[in-house]
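So the structure is just underneath, and the comments pick up after that.
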């Protein structure tokens with residue numbers, strides 16, 4: 001999802017166990033020399 005010019009947010013879901021689901025938000029920043037990836041981590 002584009003949240004601002006040159007800033008994109010992606011939600012990535014994963015399973016810790018078959019019963020426990022989590023997700024992380026990852027941000028991609030577009031720069032003049034390439035892209036930058038920011039992993040915001042997992043809550044709890």
Item checked: Spacing of the two label points (7 Å from each Cα toward its C-beta) at residue 29 and residue 1, in nm -> 2.1
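How big is the equivalent ellipsoid of the chain along its three axes, where each semi-axis is √(5λ) from the Cα gyration tensor, reported in whole Å from largest to smallest? Could you put the intermediate results ahead of the total?
Details: eigenvalues 138, 18, 11 Å².
Listed largest to smallest, the semi-axes of the chain are 26, 9, 7 Å.
We did not get these values from a lab; they are worked out from the coordinates using the rules stated. This structure is a prediction, so every number in the text was calculated from the model and none was measured. Don't worry about glycine lacking a Cβ; one is built from the backbone with ideal geometry, like all the others, and counts go over all protein chains shown.
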